[in-house]
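Working notes, structure below.
The values are calculated or read from the model by the stated rules, or taken from the named source; none is laboratory data. Source: prediction; values computed, not measured. A quick note on method: Cβ atoms are made from the backbone with ideal geometry, for glycine too, and the neighbour counts reach across all protein chains shown. Accessible surface areas use protein heavy atoms only, side chains included; no ligands, DNA or RNA. Shrake-Rupley method; radii C 1.70, N 1.55, O 1.52, S 1.80 Å.
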Amino acid sequence: LDMQTAESDSLPSESFGVLRVRRQVLNPYSYAGAMVTSRVGLDGSYNVAYGLDGVARLASDDYLALQWAQSFDHAQIDAGNLGLVNSGQLTAELARRRRRGFGYDAAVAWAGPAYDPGIGFVQRHDFTMLDDSVAYTWLTGEASPLISHTLGLTALAYLRNTDGAIESAELGPGWEFIAKSGAGGSLQARVAFEDLTAPFVLGPDPLVPVPEAFVPPGRYTFVHAVASYHLSATRLVQLNPAIDVGTFYDGWQGTVELAPVWYVSPHLELAGFYQFTRVRFPTRDQRFDAHVARLRIGTALDTKLSTNAFLQWNSAAHGVAANVRFRYNFREGNDLWIVYNEGLNTERDR
């Protein structure tokens, strides 16, 4: 895949390239692959990254996944920061993929300070991540309204490579169920830890003189609970609510969600989403409210001609976004796409 962009404001004209290869190895459930991405600008800037990955089925339900990636950025090379270790990321995962009985998932990841692929984004730099979970799934009998339910425990931690200190961590149990009607839900409780070395600003713009709310640097431990429920995907009308409440750094937060779906006809599907988040810091008399609303419209005349529209409003970002996609399928594997995107700033006087 290759894409060329035109010059826009301070961004130069750039070429984006992606190459991915993968093939089956060892057995029908294992594979090895490689990937290369490139981003080259007409101003002389460039970023190239490669990755090697593989998944091996060790036993009937046990799998081992390995991933290695490295990036080459012109700014890092000019600064002399490039190296096999500094610019790489390694991930290893061992999991038992089982839908009944005992299962587990253990992963470890390490990333250097200079690892920065130019296509996509990386949320953290120079870290070590430990992610572990264990669960047990029961299949119920014919008299039960449930097909299965699962009880599990999840632990996640990010450590800074510079000093080995824990930057973020989360630990807690969870319960999930699947009903014979197709409905399902979950309950989760989490204890979270965050070590902030810089202020965490909530609001549309961290550069505004007086932000709506912020969390000062420090170490914080807080707890929250999450509950969700969804109806069967075969229902013509669905609501799918969720709630997340608890303490939040040195304050508290509450989030409610609704994700309704309405299958109007075989040719029209309407899907909505609304999320309201309220954050309060009583000791500092600060507050933050955020609304996110989405509407997805799917239409299909037949299997060859379809149109999808996606609209989203985010009050915290003061923006409305739209994405409309038209697709015509000439024959299997041959499609024509016409895509239109629009972004609107709702804070007109900023």
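Candidates 171, 202: the one that is at pLDDT 95 or above and either of a type in the set (Lys, Arg) or under 23 Å from residue 246 (Cα atoms) (or both) is 171.
In this structure, residue 285 does not satisfy being among the acidic types (Asp, Glu) and touching a strand residue (DSSP E or B) at 6+ places or on another chain (Cβ under 6 Å). Only a single criterion out of (1) open to solvent by less than 50 Å² (accessible area, probe 1.4 Å); (2) farther than 30 Å from residue 10 by Cα; (3) of a type in the set (A, V, I, L, M, F, W, C) is not satisfied by residue 69, namely (2). Give segment 16-65 a look and list any residue that's under 26 Å from residue 85 (Cβ atoms), among the basic types (Lys, Arg) and either open to solvent by less than 80 Å² (accessible area, probe 1.4 Å) or not in a strand (DSSP E or B) (or both), or say none. Correct list: 39 only. The C-beta contact set for segment 281-295 (first residue under 30 Å from residue 261 (Cα atoms), second residue open to solvent by 30 Å² or more (accessible area, probe 1.4 Å) and not aromatic (Phe, Trp, Tyr), distance under 6 angstrom, 6+ apart or interchain) comprises 288/212; 289/278; 292/275; 292/314; 294/312; 295/311.
Within segment 153-180, residues that are touching a residue at least 12 places away in the same chain (Cβ under 8 Å) and farther than 27 Å from residue 125 by Cβ have Cβ atoms under 7 Å from residues that are open to solvent by 40 Å² or more (accessible area, probe 1.4 Å) and β-branched (Val, Ile, Thr) in these pairs: 153/134; 174/154; 178/147; 179/147; 180/147, counting only partners at least 6 apart in sequence or on another chain. The set of residues in segment 83-112 being farther than 20 Å from residue 152 by Cβ and open to solvent by 60 Å² or more (accessible area, probe 1.4 Å) consists of 84, 85, 86, 90, 110. Among the candidates 313, 337, the residue that is assigned to a strand (DSSP E or B), under 30 Å from residue 189 (Cα atoms) and either at pLDDT below 95 or open to solvent by 50 Å² or more (accessible area, probe 1.4 Å) (or both) is uniquely 313.
Checking each residue of segment 320-336 against the condition of being in contact (Cβ under 8 Å) with a residue 24 or more places away in the chain and under 30 Å from residue 251 (Cα atoms) gives at least one match.
Listed residues 159, 151; which is in a strand (DSSP E or B), open to solvent by 70 Å² or more (accessible area, probe 1.4 Å) and modelled with pLDDT of 95 or more? Selected residue: 151, the only one of 159, 151 that is in a strand (DSSP E or B), open to solvent by 70 Å² or more (accessible area, probe 1.4 Å) and modelled with pLDDT of 95 or more.
The rows are residues; the columns are (1) assigned to a loop (DSSP other than H, G, I, E, B); (2) farther than 30 Å from residue 165 by Cα; (3) open to solvent by 40 Å² or more (accessible area, probe 1.4 Å).
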{"residue": "214", "(1), (2), (3)": "no, no, yes"}
{"residue": "220", "(1), (2), (3)": "no, no, no"}
{"residue": "228", "(1), (2), (3)": "no, yes, yes"}
{"residue": "254", "(1), (2), (3)": "no, no, no"}
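Out of the residues in segment 232-248 that are buried (at least 17 other Cβ atoms within 10 Å of the Cβ) and of a type outside the set (Phe, Trp, Tyr), which is farthest from residue 264 (Cα to Cα)? Looking at the filtered set, the residue picked out is 246. Residue 328 falls short of the stated requirement of being open to solvent by 70 Å² or more (accessible area, probe 1.4 Å), in a strand (DSSP E or B), among the hydroxyl-bearing types (Ser, Thr, Tyr) and under 22 Å from residue 228 (Cβ atoms).
Residue 123 meets all of the listed conditions (1) within 25 Å of residue 246 (Cβ to Cβ); (2) of a type outside the set (Asp, Glu); (3) touching a residue at least 12 places away in the same chain (Cβ under 8 Å) but one, namely (3).
Of the residues making up segment 259-269, those that are in a strand (DSSP E or B), surrounded by 15 or more Cβ atoms within 10 Å (Cβ to Cβ) and of a type outside the set (D, E, K, R) are 261, 263.
Does segment 74-82 contain any residue that is at negative phi, open to solvent by 40 Å² or more (accessible area, probe 1.4 Å), assigned to a loop (DSSP other than H, G, I, E, B) and small (Gly, Ala, Ser)? No, segment 74-82 has no match at all.
Of the residues screened, residue 208 is one that is among the aliphatic types (A, V, I, L, M), at pLDDT below 90 and more than 20 Å from the chain's Cα centre (by Cα). Taking the residues in segment 281-310 that are farther than 18 Å from residue 268 by Cβ and acidic (Asp, Glu) as candidates, determine which candidate is surrounded by the fewest Cβ atoms within 10 Å (Cβ to Cβ). The residue in question is 285.
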